[in-house]
1. Just to confirm the filter: which chymotrypsin sites (Phe, Trp or Tyr not before Pro) across the range 111-140 are DSSP coil and have at most 14 other Cβ within 10 angstrom of their Cβ?
2. Among 228, 216, 111, whose Cα lies farthest out toward the positive end of the dipole of the chain, if unit charges sit on the beta carbon of Lys, Arg (+1) and Asp, Glu (-1)?
3. Which whole-number percentage describes the relative contact order of the chain, with Cα contacts under 8 Å and a sequence gap of 6 or more?
4. Measure out, as a whole number of angstrom, how far apart the alpha-carbon centroids of the range 204-237 and the range 82-108 sit.
5. What is the magnitude of the charge dipole of the chain about its Cα centre, with +1 placed on the Cβ of each Lys and Arg, -1 on the Cβ of each Asp and Glu, and no other charges, expressed in debye to the nearest 20?
6. Put +1 on the Cβ of every Lys and Arg and -1 on every Asp and Glu Cβ in the chain; which of 160, 49, 127 then has its Cα farthest towards the positive end of the dipole?
7. Relative to the Cα centre, what is the charge dipole magnitude of the range 146-253, using +1 at the beta carbon of each Lys and Arg, -1 at the beta carbon of each Asp and Glu, and rounding to the nearest 20 debye?
8. List the GluC sites (Glu not before Pro) within the range 45-149 that fall in a DSSP loop (any state other than H, G, I, E or B) and whose Cβ has at most 16 other Cβ atoms within 10 Å.
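What follows draws every value from the coordinates through simple rules; no lab data is involved. On a predicted model such as this, the values are computed, not experimentally measured, just so you know. Every residue, glycine among them, receives a Cβ derived from its backbone with ideal geometry; neighbour counts consider all protein chains shown.
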Amino acid sequence: MNTQAVKVIYKHEMLRAWETLLQSFVSPVLSTSLYFVVFGSAIGSRIQQVEGVPYGLFIVPGLIMLALLTHSIANASFGIFFPKFTGTIYEVMSAPVSFFEILIGYVGAAATKSLIIGLIILATAGFFVPLEIAHPFWMTGFLVLTCISFSLFGFIIGLWADNFEKLQLIPLLIITPLVFLGGSFYSVSMLPPAWQTVTLFNPVVYLISGFRWSFFEVSDVSVGLSLFMVLAFLVVCLMVVGWMFKTGYRLKQ
């Protein structure tokens with residue numbers, strides 16, 4: 001493996017994050033604080049507990065997942081789209097670097113930035129509620145897997161998009177609604193039976209459910225199923241990226 005090439009791509013992407021420090025790291029802190037003010041104070045005063053967990057605590061995993069999915073996709077998609085847009089991606093592809101090494105560099109940097117943001121939000125939440133993490137190991141595992149999986153998904157979007165409008169299309173019209181309807185701020189058990197069945201077709205439910213279990217041992221679906229869904233999504237994304245590089249989809253003029 002050409003580790004030097006991976007390091008160069010990784011460092012370049014990480015430096016880009018530091019150049020936009022306010023947008024990359026400060027903005028999630030402010031948005032998280034606003035969510036706690038609106039949901040934790042206003043709604044939390046009317047909903048005392050959800051499945052035995054104080055509402056202010058209950059929404060923490062959902063807030064982290066919302067940020068992880070949003071930033072993982074945005075970081076990875078823009079990271080590969082911009083060099084494709086400017087044409088510098090062809091210089092990378094003409095170098096003695098495999099698609100797997102390119103993937104590690106771009107996706108690794110995007111996942112790292114998302115992981116940092118997730119930890120910052122977790123620390124920010126600690127100022128508003130007394131955090132409780134029942135299974136720190138599983139919490140970290142779900143955190144890392146989610147960052148990698150959705151960074152891969154963002155990488156696919158960046159390869160697929162041929163303009164800035166398409167770059168925002170899927171995150172805005174599909175991912176954001178799925179997150180809000182996936183039990184980020186409520187339990188699926190609170191819904192009517194018919195809507196519970198419909199909600200189970202939302203893949204984000206399994207991510208949030210497994211992540212919430214690692215905090216409070218409370219989940220809408222089994223932890224094993226949540227872990228399986230995350231790993232399955234990761235494998236599918238790897239296969240799609242491999243096919244894109246192999247066929248040159250949206251990469252060959």
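1. Filter output for the range 111-140: 127.
2. Selected residue: 111.
3. So the answer I get is 26 percent.
4. 31
5. Dipole about the Cα centre, nearest 20: 420 debye.
6. 160
7. It comes to approximately 360 debye.
8. Details: sites: 51, 91, 101, 132; in loops: 51, 132.
Loop-located and lightly packed - 51, 132.
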